[in-house]
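The values are calculated or read from the model by the stated rules, or taken from the named source; none is laboratory data. These numbers were taken from a predicted model, which means no experiment stands behind them. When we count neighbours, we look across all protein chains shown, and the Cβ atoms used for this are built from the backbone with ideal geometry, even at glycine.
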Amino acid sequence: MAENLSIRKIIDRIISGEIRIPAFQREFVWTSDQVSFLLDSIYKNFPIGTVFLWKTSSRLESERDLGNFTIPEPRKEHPVYYVLDGQQRITSLFSVFQTDLTSNNNYEWLDIYYDFQASNDIQESKFDALQPHEVIDGRHFPMSVIFDASKFFHEASKLDKDKLSEILKVQQMFQEYSLPSQEFETDSKESIAIVFERINRAGTPLNTYQLLTAWSWSADFDLQEEFSELSEDLKPFGFGNISEEKDLLLKCCSGIIRGDTSPKTIISLTGEEVRSNFSTIKSGIKGAIEFLKDQLKVNSLEWMPYPSMIVSLASFFATTKTSGQAYSDKQREQLIKWFWKSNFSRRYNSGIQDKHRADIKNIKALSKDENKEIAEFDCIVEPFFFKESNFTMGTVNTKTFVLMLANSNPKSFISGAQVRLGDVLKTVNRNEFHHIFPKRFLEKQGLNKKNINCLANFCFLNNADNQKIKDKNPKDYKNLLPTKSLEVIMQSSLCPENSLDLEYHDFLDKRTNILISKAQELIS
C-alpha cells in the first residue's frame, strides 16, 4: 500500500511507538552535513526517495533506538511499522523537528539552522549545522521550532518584517512536505525475505543476514557478535575478514543445519536452531578454513576462487567434538579432488543453491563413509584455460592457476629460495606475480596484450627480482638464475626446463602441456 507521509505524521507516529527501528538495521550514520543537505533538498522540493515500512503484528525481540531517542512502547494490540528503507532520512527529520522526547546522546548532534544570508544559488545550501557559539542572531533561525507553534513564534518575533515573511514560507514548506512511502503487511518471514532480496537489488543495504540476526537474538546470544569472535579466531589463518561476508556465513548456518542454502530455507531457520547449533557451525567453518590453508595453500579469503565452496566444505567439518572432525587420507584426497574439479570446471559459477544441495549431501556422506565419491561431475581442462585466460587479479581462473602453482612449492626465479606463500597469498598483490617472458620484450616483438598476459606466461616473481629482469630477453636474464638450481626452479614453477632458451610460442605450447598435466593430476 502506498501513501504519502508528512513530516508531522512521521513525528507523531514515532512518538506513539508505531514506527520503529528493527535491530537488523545498521546504526544511524549520517553526519550533520548530510542532515543539512536533506533539509535543503526538501526546501528546494527535490525528491528524497521513498520510505519503505513493514507492517506486522509480531514484535521483534531486538530493536534499535532511533538515533539519539528511545522510541516509546506502542499501544497494545496495535500493529507496528518497522522501517526497512529510509531509516537515515526518518531519523534525521525526527531529530531535527521533534520536541517531545529527551535525547540519549548516543550520537554527536548539531542543531540545524536556516541561514537568511545564504546564497539563493540552487547549488548552495540554505541550511547549516552549527555549534551554539556559531549561531548569529538575526541570521540563523533554528529549524527545531518549525513544528512547535509557541517556540516558533517566540523565535520569529525577533525578526524584521522581511525575514518573518521568509521564515513563514519556510515553515509552510516543511509542514506541507510529504515523503512517498510504501507499506508491506505480513507476519511471514519468507515473504519479507523475498521483499528484502528485491530491495537489495535496488541498492538498499539490508539483507537476510541482518534479519536472521534479529530473529535469532536472545539475551545471551547475538549472531553478529558470535561471528565477529569467530573472525578473530580465524585471523591467524588469513580469514579474519570473513565476518564481512554476511551471505556466506548465513549459508554456512543453513547448509550445516538444513543441508540447503536457498533464501526460503535460510529465512525459515529459527533462533533456537541457530543458537543450539552454533558451536557445530563454528567448528565447520574453522575446520574448512584450516583444511584450505593446510592442504590447498589457500591463505586468505581473497584467494578462494569460489568463497561459496566454503559452505559445502564446512558441512564435512561441522561437529560437536571439541577436538574437531578428523579425516582419513581417503577423505582428504576426495575433498582435494572435489576442490580442484569444482574450480577448473567453474562448477560454482551458476546454480549455486543446487550445487550446495548436492555437494553438502555428498560431503556429509563422505564424513561417515571414506569410500564415498563426491566429485562425480565432468571436468575437462583445455589448453585455452591457460593460453587464452588473462592474468587478472580477482578472477576465478587466475586464482585457480595461482593456487595450482602454490601447491607445486615454487621457488623464486632469481635466488632459487622457496617462495614464502603464507606472506604472498595473504593479500591479493599483483606485485608478487610477473611475466616469464617480459612484457616489454614481447611488445617490442609486436605481440598483443592477450598473448602477452595469458596465464601460461606468469609465475611467482617478486617485484625486486622483476626489476632485475626488466625487459631482458629470457636467453639473457637466464644468466641471473643459479645454474645448479635452474632445473628445480623451472620444475617448481611448472615450466619446461629449457623455457628460457625457447621462442615464446614454443614456450607457451610446452608450458601449457605441463600445466594441463598438472591439472589432470589434481582432478583425477
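Numbers below:
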quantity	calculated
Total residues in segment 48-57, condition in a loop (DSSP other than H, G, I, E, B), of a type outside the set (Ser, Thr, Tyr) and either closer than 9 Å to Phe184 by Cβ or in contact with a Ser or Thr (Cβ under 8 Å, 6 or more places away or on another chain) (or both)	1
Some residue of segment 142-150 being of a type in the set (Asp, Glu) and closer than 27 Å to Ile167 by Cβ	yes
Matching residues, segment 379-397, being surrounded by fewer than 19 Cβ atoms within 10 Å (Cβ to Cβ) and of a type in the set (S, T, N, Q)	Asn390, Thr392, Thr395
Residue in segment 82-99 that is at negative phi and assigned to a loop (DSSP other than H, G, I, E, B) present	yes
Residue match in segment 153-162 (condition: polar (S, T, N, Q) and closer than 19 Å to Gln34 by Cβ)	no
Scan of segment 365-387 for residues that are small (Gly, Ala, Ser) and either in a loop (DSSP other than H, G, I, E, B) or touching a residue at least 24 places away in the same chain (Cβ under 8 Å) (or both), ordered by number	Ser367, Ala375
Selection from segment 58-81 of residues that are without any contact (Cβ under 8 Å) to a residue 60 or more places away in the chain and assigned to a strand (DSSP E or B)	Glu63, Arg64, Leu66, Phe69
Residue check, Ile14 of a type in the set (Val, Ile, Thr), surrounded by 14 or more Cβ atoms within 10 Å (Cβ to Cβ) and part of a loop (DSSP other than H, G, I, E, B)	no
Residue match in segment 370-384 (condition: farther than 14 Å from Tyr306 by Cβ, of a type in the set (D, E, K, R) and within 25 Å of the chain's Cα centre (by Cα))	no
Verdict on Asp369 being at pLDDT 95 or above, out of contact with any strand residue (DSSP E or B) (no Cβ under 6 Å at 6 or more places or on another chain), on the phi < 0 side of the Ramachandran plot and of a type in the set (Asp, Glu)	yes
Residue that is at pLDDT below 90 and over 30 Å from Thr261 (Cα atoms), where the choices are Phe384, Phe460	Phe460
Filtered residues of segment 102-150 (kept if among the hydrophobic types (A, V, I, L, M, F, W, C) and either over 25 Å from Asn45 (Cα atoms) or part of a strand (DSSP E or B) (or both))	Ile112, Phe127, Ala129, Leu130, Val135, Ile136, Phe141
Subset tally (residues that are under 26 Å from the mean Cα position of the chain (by Cα) and not charged (D, E, K, R)) for segment 16-47	10
The listed residue being under 26 Å from Glu388 (Cβ atoms) and under 40 Å from the mean Cα position of the chain (by Cα), out of Lys470, Lys449	Lys449
Near pairs, Cβ below 6 angstrom, 6+ apart or cross-chain, from segment 9-20 (free of Cβ contacts under 8 Å to residues at least 40 places away in the same chain) to any residue that is among the acidic types (Asp, Glu)	none
Residue in segment 288-302 that is surrounded by 15 or more Cβ atoms within 10 Å (Cβ to Cβ), under 20 Å from Leu250 (Cβ atoms), of a type in the set (Ser, Thr, Tyr) and at pLDDT below 95 present	no
Elements of type helices (runs of 4 or more DSSP H) in segment 417-524, at least 1 residues being in the same structural domain as Met393 (by TED's automatic domain parsing) and under 29 Å from Glu333 (Cα atoms)	421-424, 486-492, 504-523
Segment 233-277, residues that are part of a loop (DSSP other than H, G, I, E, B) and touching a residue at least 60 places away in the same chain (Cβ under 8 Å)	Gly238, Phe239, Glu245, Gly259, Asp260, Thr261, Ser262
Qualifying residue in segment 400-411 (condition: assigned to a loop (DSSP other than H, G, I, E, B) and either more than 29 Å from Leu508 (Cβ to Cβ) or within 26 Å of the chain's Cα centre (by Cα) (or both))	no
Qualifying residues in segment 319-364 (those that are assigned to a helix (DSSP H, G or I) and without any contact (Cβ under 8 Å) to a residue 12 or more places away in the chain) - the one surrounded by the most Cβ atoms within 10 Å (Cβ to Cβ)	Ala358
